[in-house]
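Following: one structure in structure tokens, then a few remarks.
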Amino acid sequence: MLTREDIRKAALAMPEAYEAAHFETSSFRVNKKIFCVIHEDRPRAVLKLDPEDQHNLADGDAIQPVEGSWGRRGWTYLYYERLARDRFDQLLRLAWATVAPKRLLK
């Protein structure tokens, strides 16, 4: 089962990623753009996915669009305790790639 610390380590392992406060939570950014937020009060993270990827990957259980306009922009809830590690790693990489500068995607 994934933990907050697993997510933190995986997010910081992305090229040029860094951690910064975002309201009452921890966020992970690249190029000043957030790609992952970890909720401290529940086993949930929020990832920034391309809206088409979000549509194709949402499963109604572990991967769910955020409600309203944020969700339509690709923000996606990830209930990480329900995911296998390799599946999480793929989703995190997609989120990072959604906001990373093109030079890092090569």
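Heavy atoms only, 1.4 Å probe, whole protein assembly: order Met1, Met14 by accessible area, highest first.
Of Met1, Met14, the descending order of accessible area is Met1, Met14.
Taking the Cβ of Ala95 as the centre, find all other residues whose Cβ is under 12 Å away and add up their charges (Lys, Arg: +1; Asp, Glu: -1).
Result for the local shell: +1.
Number of Lys-Lys pairs in the chain under 16 Å by Cα, sequence gap 8 or more or different chains?
Close lysine pairs found across the chain: 4.
What does the helix-only formula give at 222 nm for the chain: each DSSP H stretch with n ≥ 4 adding -39500 (n - 2.57), the total divided by the residues, and the result rounded to the nearest 500 deg cm²/dmol?
Using -39500 (n - 2.57) per qualifying helix, the result is -9500 deg cm²/dmol.
Could you pull out the trypsin sites (Lys or Arg not before Pro) across the stretch 8-51 that fall in loop regions by DSSP (anything but H, G, I, E, B) with no more than 13 other Cβ atoms inside 10 Å?
Of the trypsin sites (Lys or Arg not before Pro), the ones in loops of the stretch 8-51 whose Cβ has at most 13 other Cβ atoms within 10 Å are Lys32.
Return the equivalent ellipsoid semi-axes of the stretch 25-96 as a descending list in whole Å, where each equals the square root of 5 times an eigenvalue of the C-alpha gyration tensor.
15, 15, 13
When ligands, DNA and RNA are left out and all protein chains stay put, how many square angstrom of accessible area per residue does the chain have with a 1.4 Å probe?
For the chain, the solvent-accessible area averages 58 Å² per residue.
Under a Cβ-only charge scheme (Lys and Arg +1, Asp and Glu -1), can you give me the dipole magnitude of the stretch 13-106 about the Cα centre, in debye to the nearest 20?
Dipole magnitude for the stretch 13-106 comes out near 480 debye.
Residues with beta-carbon under 15 Å from that of Thr3, excluding Thr3: net charge, scoring Lys, Arg +1 and Asp, Glu -1?
Taking every other residue near Thr3 into account, the sum is +1.
Taking all protein chains as present, what is the carbon and sulfur share of the accessible area of the chain, in % to the nearest whole number, probe 1.4 Å?
51 percent
The values are calculated or read from the model by the stated rules, or taken from the named source; none is laboratory data. These figures come from a predicted structure and were not determined experimentally. Neighbour counts are summed over all protein chains in view; Cβ atoms, including those assigned to glycine, are modelled from backbone coordinates with ideal geometry. Areas reflect the complete protein model, heavy atoms only, side chains present, ligands, DNA and RNA absent. Shrake-Rupley method; radii C 1.70, N 1.55, O 1.52, S 1.80 Å.
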